[in-house]
Every structure is written in structure tokens, then in C-alpha cells.
Amino acid sequence: MERSEILKQFGNDDENLINILHALQNNNSQNYLEKDDLKAAANHLNITYSHIYGVVTYYTMFSLKPRGKNIIRICNSPVCDMEKSSDIITKIKKILSIGVGEISKDKRFSLELSECLGQCDIAPGMMINEDVYGNLHNADLASIFEKYK
Amino acid sequence: MNIKKLIKEASAEWSDLLNGPVPAFLVGNATCGRSAGAGDIIEKLKTEISSGEHKCRVLEVGCIGMCFLEPIVSVYRPGYPLIVYGKVEEKDVVKMIEAFLNKGEIITENIIGVVGPNEQINLPDLFSIPIMKPQKRLVLNNCGIIDPTNLNHYIANKGYTGLQEALQRSSQDVIERLKESGLRGRGGAGFPTWRKWQFCKDQDNDTKYLICNADEGDPGAFMNRSLLEGDPHSLIEGMVIAGYAIGASMGYIYCRAEYPLALERLRLAISQAEEKNLLGNDIMGSGINFKLKVKEGAGAFVCGEETALIASIEGERGMPRPRPPFPAISGLWKNPTIINNVESLVSVARILQNEPGWFSKYGTKESKGTKTFALVGKVKNTGLIEVPMGTTLREIIYDIGGGVDDGKQLKAVQTGGPSGGCVPASMIDIPVDYESLAEAGTIMGSGGLVVMDEDNCMVDVAKFFIDFAHKESCGECAPCRLGTKQMLAILEDIVAGKGTMEDLDLLEDLGKGIMKGSLCGLGQTAPNPVLTTLRYFGDEYIEHIQNKRCPAKVCRDLKYYEILEDKCTGCHICFKACPVAAISGNPKDLHKIDQELCIKCGMCLDKCPVKFSAIEVYPGNKVMED
């Protein structure tokens, strides 16, 4: 979708900023905010580019660098850690040959650590984009990743 | 639209579901259900039913709380109570359809319990089974029972009657009802809800705001997520009532972006409520206006702090502001603003839906009503529970939770997430209420209860929470930004065997300083996990420092692996598994681990065949000892 089409869905008040940034980032095939996204948002809300830059860099879910097509967020909170999430992280790194914060060679995945995802009832858990996966076992991972092209 | 007409329509639909001629399958499809495969179960049910000759409904419901038994499928069949099944697999679905629809029989395997009149079949009542019996579901009563995407289901279960009741009274009357109920903030601090509302109501200002804080981020907590996923209309009803009471005509729900399903359900519920004039202008012809907007977070824990949350809605970096002025006086865009937690607002809806005295008959003298908890960690029955205030931790862990996993010893219970503390096993007879938990050095918090056993190292746990606070500190004030960094550095030294006894005093001093000097709730409570573990598990810290031993065998530098001479058969598997070639020995000979080279990854222990079990891990550090 065109940037202008996205911005049209939102009003011009400052309170729309975070929702706008989410919408622009979700629209980007590489899951990140380009300079032009920030400029367009600044223009739409009539606020400065530097203000938006400050906001974007404050929140962990926004990225100024290209990311994989699908974002894996693995929960790194104490409950998941108690359920051996560190083993899962090691296995993911191995399967996709990437480290935390990196993009897989085929650009299909980015791997990020996240604070508590609120899935402690099904720990260890992770999200891929908006899909939730819990009670993870190393053996399940490869087939889960298969679903994401 | 007339509320009476709405209720009539809704009741007819609900009654048709319960008593009508068409059977129905209800599948728990909240996040826990989805993760256990509820999506596949629903698909299977739908295909099986469409290819069969019988008419049958398939509905999606929220989480009934027994997350460890998901996927949960309940069956309504004319003339029978609702039968609830746990751990249902796709193959069971075929059997269920065959038995229920084709033969009119009941499958007795995997039944958790039944809901409703149950004379003809002798099955346990769902609410009398051990997990459910100590619970009182005042807030969660609809979760797992109604379809959260169907407004009629909510209305048929007293939904929006609380709003109707409120609108017939003066706003002051509504606040009085809250006062009588004794409801205190469920976000953790426990401030009386009515008093907060009264401050805001008394402000002479045309514009006021109501905000629901759904930025649940405490490690170990997911109560709000389940409530939003399973019963979103309850929150909307509570918010309209609250808006009316304080004189706000605009409300915001600030929900973390990590909860996509909750956000989806909320947005749908808001549009449904607007369509039926339960939200918007001139609500139910009362002349009262109230609009709701959903705002997403973007991954900043501190935005759960009320002033940071306000900054985030305003389109700023979510950083806290000094209080006073309190938001009830000067909040969103400097207007009087009330921020309530999800559970508090749902409780408001329930209080108004029921007669005076209903809520306050549960709980203790100072803490009324019930509290939802996310029961997680090393406990058998993980899930979402709701108990009357004053229930003991013992009842929660053993009666509801079924005790500790794998027959291990209970060590501690962590409450209140990174703001709370660890209560030792010796104190689990304390009642869960605001005062008792504060006395024990922890807090009620929003409701995460993390059960820990003998395999958990309390120093490591404290380090984890401080690391969390350090990462999530917004950096605005020095005590929190730098203090948590220093506490983390000290704890890292201790778990690496480099700690000194002076470090313990330093931790305590630093902790107290951070609590005193920090700007917001995050810093003011961040040292709690360290201070409570120092208080109750001081010996464990001393073991780490003086004897270089981690008694729970968690801290990598303070444990070591050894091959047992009498058990090693020389199978050579560990030799091959070791990534740093620290194991020596020829096939069929006794193997040995070189402690200097060993990185304590545990690969050898994992790979050693169970029939030999020749590798053991011990607390201590061989290299440091030598």
C-alpha cells in the first residue's frame, strides 16, 4: 500500500503517532521504518523528524534497519528461562544460522529476544509475527519455520 | 436500541444454544488453546460436521483457566449439561462426533467436569473438582463459557446490566457503590478505586479522560490477556461505567502490541457495542456520551507506569513524569485522568451487575473481593485462577496448582513480577492480600505467581529480575539507570564466584537508595527481588561467595560435572558430544573430564545414556578450589 493511503486512515493528532508507525512498519516488506516513513509521518502530524526519530528509537518493536520477512520473537523472561528457553534459542540459532538481531541469509527470518510475551502458561514461548507458539520443544522448531515462506 | 429488547434477543439466542435442538462444540481458542492446537481441532470439527448429516454448531470461546489441559473442548447437547473435555486431539474429535451426534452416547474419557444440571449422568461438576473448588470466579465467570466475539452471549449473562444500573443512578451514587464494594486497584498498588475516582470527579474541568492500562508486561503475568481474549465486553462495560462516574466522555485502552488476539477481540467488541448504542453518543438514550479508542504499545515495559503510559498515548517517548501532580488532577494533555487496570474495570462491571454487598462478601477485612492470578513456573497445574482475597499461598499452590512438578521441593513463590519479591516455602501459609504480602516484603502486583523449586537458584533469579529492570529502565533518572546497572554487575560477580561479603551490604544499600531516589514505580520497586532474596535466602548468597558453590547447581561457574567411575562403561558418547574436547578416555575405558577445559555446557550429561547415568553435576568449582 502507498504511504499516503496508510496515513489517510489516521487523524492529524499526535496521539496517532505510535499507531501510524506500527502501520507503516507492518506495510514494509522488510519490517522496518525507512527514513521516508519517518518524514511522511512527521509531515502528516506536523511534528519534527527528530521527535519521531526519538520515539522510534525508544520503543523496541520499531526498527530503523531492514529485518527479515518474518520476525521471530523469543521470550527471554524468567518463567520461560526456567522452562529452558535458552536451549530453544540455541537451537533456533543453529537451524537458521543466525544470531540474535540478525537476518537469515534467505531474508526470511529475523531473530529477536523479547521480554515477557505473557505466554507463561505455555512456556517456553515465542511469536512469529502475530502467531503464538508455546510449550516449545527443539524438535518442533524446523516444522514451524517451514510454514513461513 | 432499548436494552430490554437487546436482553430478550440475547437470552433467546443463549437459551437456544443451551436448550435448543442443535448440539454445539465449544473450543477454547485463546492464546493457550491456539498454541496447543485448537485451530486444527476447529478445522477438523468443521470438516467432519459439514460432511456428516447432523446439524451442529462450532463456537470459539476464551480460556477457562486450565491452560495445562488445552486444547479444551466443551460439548452442549440437548438434555445434557455442558461437558468439558481436556487434552483433546484431532482423533478424539472424530470419536466425539460419532458418539454424540450419531449414537447419542457420551464419551467418558478426558472429561474434566460438567456445567449445569447433572442428574441423569453421574459426572463431576466442573466447579467442584479440586482445581476449581477453592476458586470463586467473579471476574473470570464468562471466560471459556461464552463466545467473546458474540455480544449476545455477554448480554445474556448479565452483560451491560451493570451499565444500565449505573446510568439510572447519579455518578456520585456509582462512586458510593464502589466504596461499599471495597474494590482496590488490581494493578498492584491496591489504592481504593472509589477514592481515585472521587479525586477526578471533584475536578472542575470540562475534559476528563479514562484510560485502561492493558500494558501487562510483568514476567509471569497474563491475567489481563486472558480476560481481554475471553470476555472483552466486560472491560468496555466497566469503562463506560467508570467514565460516567468520573465525568469522562473519552476513554483509551492502552494495550501492548504483543497481544494481537486481545487487540483483535477488543476492536471487534468496541464496534459491536457502538452498533448497539452501548458505546458512543447518548448511550441507551441516557444523554451520556462515551467513546473508546485502542492504543497499542510498542515494546516498552515502563509504559505500564501511569505517567509513562500517558506520555506514550500523547505520541511521546514513554517516559515517566514526576508526581504530583497526580494524573487524577493533571494527566492526559494536562486534563484530569483516571488510569485503571483491566481487572479493576471488569470488577466494576461485575459490582454494578450484582446487588450491593455481593462483592464485599468475598475477601478479607481490608482486601475485598477476588483476585486473578497467573499460576506458572514449577507447578503441576499451570493456568489462570481466581480466588477470594485471603486465600493462602499453600491453598493456591497445592489445592489448585496440584503441588510442585516432578515431586520436587517447593523453594519460593515469586509475586508481583520485577516489582515484587520471593516468599520462601516456609511462609506459604500467609494469606494473599495487599497487607500480608507487603509485610512479607513483596507486593500483590498484577497477579503473576511464579512457583520455584529446589532447582532454582535464588541469586540467579534475583539477577534475572535486576537484568530485566536494567534493560527496561527508561534512563531518565540516575538512581534507576545507574543503580540497577551496578546491582546487576555485583550479582554477576557473585554468580561467577567473584563476590565478596561486602557486596551483600552494598547490594542492600544500593537497593534502598534506588527505591528512595527513583522517579517512578519501576525504579522504586526494582530492587525488591534482590532485597527479598537477601532477606530470605541470605545463606544461598553466602554459599556463592564464601564456598564458591551454587547449591541449586544453576550458576555455571559454581558447579562442575564429573564422570562416575562405577557407572562409566566407556561408551565414548560423551567424548564425541563435548564441544571443547574436555573429555578424555578411549572406548571401553573410564572417561574423565578436564575441569580446566570444561565450559559446563551440560552436553555430556544430556547425551549420557539414561541406562548408564554416569555423569553427575555437583555444586562447587573444582578449579577455584585447587
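Please go through the range B:234-262 and pick out each residue that is open to solvent by less than 10 Å² (accessible area, probe 1.4 Å), closer than 26 Å to B:Leu449 by Cα and either away from chain A (no Cβ under 14 Å) or out of contact with any Lys or Arg (no Cβ under 8 Å at 6 or more places or on another chain) (or both). Within the range B:234-262, B:Ser234, B:Leu235, B:Gly238 meet the criteria. Quick one: would you say B:Leu228 is crowded, with 24+ Cβ neighbours inside 10 Å, within 11 Å of another protein chain (Cβ to nearest Cβ) and part of a helix (DSSP H, G or I)? Considered against the rule, which asks whether it is crowded, with 24+ Cβ neighbours inside 10 Å, within 11 Å of another protein chain (Cβ to nearest Cβ) and part of a helix (DSSP H, G or I), B:Leu228 comes out as yes.
Kindly check whether there is at least one residue in the range B:446-466 that is open to solvent by 50 Å² or more (accessible area, probe 1.4 Å) and more than 22 Å from B:Pro219 (Cα to Cα). Scanning the range B:446-466 turns up no residue that is open to solvent by 50 Å² or more (accessible area, probe 1.4 Å) and more than 22 Å from B:Pro219 (Cα to Cα).
For (1) within 14 Å of chain B (Cβ to nearest Cβ); (2) exposed (fewer than 14 other Cβ atoms within 10 Å of the Cβ), each residue gets a yes or a no:
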residue: A:Asp87; (1), (2): yes, no
residue: A:Glu102; (1), (2): no, no
residue: A:Cys116; (1), (2): yes, no
residue: A:Asp121; (1), (2): yes, no
residue: A:Pro124; (1), (2): yes, no
residue: A:Asn135; (1), (2): yes, no
residue: A:Asp140; (1), (2): yes, yes
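Does the range B:137-144 contain any residue that is touching a residue at least 40 places away in the same chain (Cβ under 8 Å), over 30 Å from B:Gly403 (Cα atoms) and surrounded by 15 or more Cβ atoms within 10 Å (Cβ to Cβ)? The answer is no, given that none of the residues of the range B:137-144 is touching a residue at least 40 places away in the same chain (Cβ under 8 Å), over 30 Å from B:Gly403 (Cα atoms) and surrounded by 15 or more Cβ atoms within 10 Å (Cβ to Cβ). Can B:Met284 be described as of a type outside the set (Phe, Trp, Tyr), within 12 Å of chain A (Cβ to nearest Cβ), out of contact with any strand residue (DSSP E or B) (no Cβ under 7 Å at 6 or more places or on another chain) and open to solvent by 40 Å² or more (accessible area, probe 1.4 Å)? Considered against the rule, which asks whether it is of a type outside the set (Phe, Trp, Tyr), within 12 Å of chain A (Cβ to nearest Cβ), out of contact with any strand residue (DSSP E or B) (no Cβ under 7 Å at 6 or more places or on another chain) and open to solvent by 40 Å² or more (accessible area, probe 1.4 Å), B:Met284 comes out as no. Starting from the range B:453-476, keep only residues that are facing chain A (nearest Cβ under 9 Å) and more than 28 Å from B:Asp405 (Cα to Cα), then list their pairs with residues that are open to solvent by 10 Å² or more (accessible area, probe 1.4 Å) and not hydrophobic (A, V, I, L, M, F, W, C) whose Cβ atoms are within a distance under 7 Å, requiring at least 6 positions of separation or different chains. Qualifying pairs under 7 Å: B:Glu472/A:Glu115. For the range A:53-80, filtered to residues that are assigned to a loop (DSSP other than H, G, I, E, B) and away from chain B (no Cβ under 12 Å), the residue that is least open to solvent (accessible area, probe 1.4 Å) is A:Gly68. Of the strands (runs of 3 or more DSSP E) that lie entirely inside the range B:68-135, those containing 3 or more residues that are of a type in the set (Val, Ile, Thr) and either more than 17 Å from B:Arg57 (Cα to Cα) or open to solvent by less than 20 Å² (accessible area, probe 1.4 Å) (or both) span B:111-115.
Residue under question is B:Cys601, and the condition is that it be at pLDDT below 95 and in contact with a Lys or Arg (Cβ under 9 Å, 6 or more places away or on another chain); does it hold? Yes, satisfied.
Selection of the range B:38-67 for residues being within 20 Å of A:Gly125 (Cα to Cα), open to solvent by 20 Å² or more (accessible area, probe 1.4 Å) and touching a helix residue (DSSP H, G or I) at 6+ places or on another chain (Cβ under 8 Å) yields only B:Asp40.
Can you confirm whether A:Cys75 is in the same structural domain as A:Leu141 (by TED's automatic domain parsing), in contact with a Ser or Thr (Cβ under 6 Å, 6 or more places away or on another chain) and under 20 Å from B:Ala300 (Cβ atoms)?
Yes: the conditions hold for A:Cys75.
Do you know which of the residues in the range B:471-511 that are in contact with a Gly (Cβ under 8 Å, 6 or more places away or on another chain) and of a type in the set (Ser, Thr, Tyr) is most open to solvent (accessible area, probe 1.4 Å)? Only one residue fits best here, namely B:Ser473.
Taken as a whole, the range B:78-86 holds no residue that is within 14 Å of chain A (Cβ to nearest Cβ) and among the aliphatic types (A, V, I, L, M). When the range B:150-195 is filtered for residues that are charged (D, E, K, R) and surrounded by fewer than 20 Cβ atoms within 10 Å (Cβ to Cβ), the ones remaining, listed by number, are B:Lys158, B:Glu165, B:Arg169, B:Asp173, B:Glu176, B:Lys179, B:Glu180, B:Arg195. The residues in the range B:208-224 that are surrounded by fewer than 24 Cβ atoms within 10 Å (Cβ to Cβ) and away from chain A (no Cβ under 14 Å) can be counted, and the count is 1. The number of residues in the range A:105-125 that are more than 15 Å from A:Ser63 (Cα to Cα) and outside any loop (DSSP other than H, G, I, E, B) comes to 3. The one condition from (1) in contact (Cβ under 8 Å) with a residue 60 or more places away in the chain; (2) of a type in the set (Ser, Thr, Tyr); (3) open to solvent by 10 Å² or more (accessible area, probe 1.4 Å) that A:Ser110 does not meet is (3). Summed over the range B:538-567, the residues that are touching a strand residue (DSSP E or B) at 6+ places or on another chain (Cβ under 7 Å) and either part of a loop (DSSP other than H, G, I, E, B) or open to solvent by 40 Å² or more (accessible area, probe 1.4 Å) (or both) give a count of 6. The single condition among (1) free of Cβ contacts under 8 Å to residues at least 60 places away in the same chain; (2) in a helix (DSSP H, G or I) that B:Ala581 does not meet is (2). Exactly one residue out of B:Ser15, B:Ser35, B:Ser51, B:Ser11 is modelled with pLDDT of 95 or more and polar (S, T, N, Q), and it is B:Ser11. Scanning the range B:293-328 for residues that are crowded, with 21+ Cβ neighbours inside 10 Å, more than 9 Å from chain A (Cβ to nearest Cβ) and part of a loop (DSSP other than H, G, I, E, B) yields a total of 4.
Comparison of B:Lys576, B:Lys588 shows that the only residue that is assigned to a loop (DSSP other than H, G, I, E, B) and either over 30 Å from B:Ala438 (Cβ atoms) or open to solvent by 20 Å² or more (accessible area, probe 1.4 Å) (or both) is B:Lys588. Under the condition of being out of contact with any His (no Cβ under 9 Å at 6 or more places or on another chain), away from chain A (no Cβ under 14 Å), open to solvent by 40 Å² or more (accessible area, probe 1.4 Å) and not in a loop (DSSP other than H, G, I, E, B), the residues counted in the range B:10-37 number 6.
Residue count for the range B:266-281, restricted to those that are within 14 Å of another protein chain (Cβ to nearest Cβ) and surrounded by fewer than 22 Cβ atoms within 10 Å (Cβ to Cβ): 1.
Name the one entry in A:Glu112, A:Glu130, A:Glu83 that is at pLDDT 95 or above and within 12 Å of another protein chain (Cβ to nearest Cβ). So the residue among A:Glu112, A:Glu130, A:Glu83 that is at pLDDT 95 or above and within 12 Å of another protein chain (Cβ to nearest Cβ) is A:Glu112. Within the range A:32-49, the presence of at least one residue that is within 30 Å of A:Phe10 (Cα to Cα), polar (S, T, N, Q), within 14 Å of chain B (Cβ to nearest Cβ) and open to solvent by 10 Å² or more (accessible area, probe 1.4 Å) is confirmed.
The values are calculated or read from the model by the stated rules, or taken from the named source; none is laboratory data. Computed from a predicted model, the values in this text were never measured in an experiment. Counting neighbours? That spans all protein chains shown, and the Cβs are built from the backbone with ideal geometry, glycine included. SASA here: full protein model, heavy atoms, side chains in, ligands and nucleic acids out. Shrake-Rupley method; radii C 1.70, N 1.55, O 1.52, S 1.80 Å.
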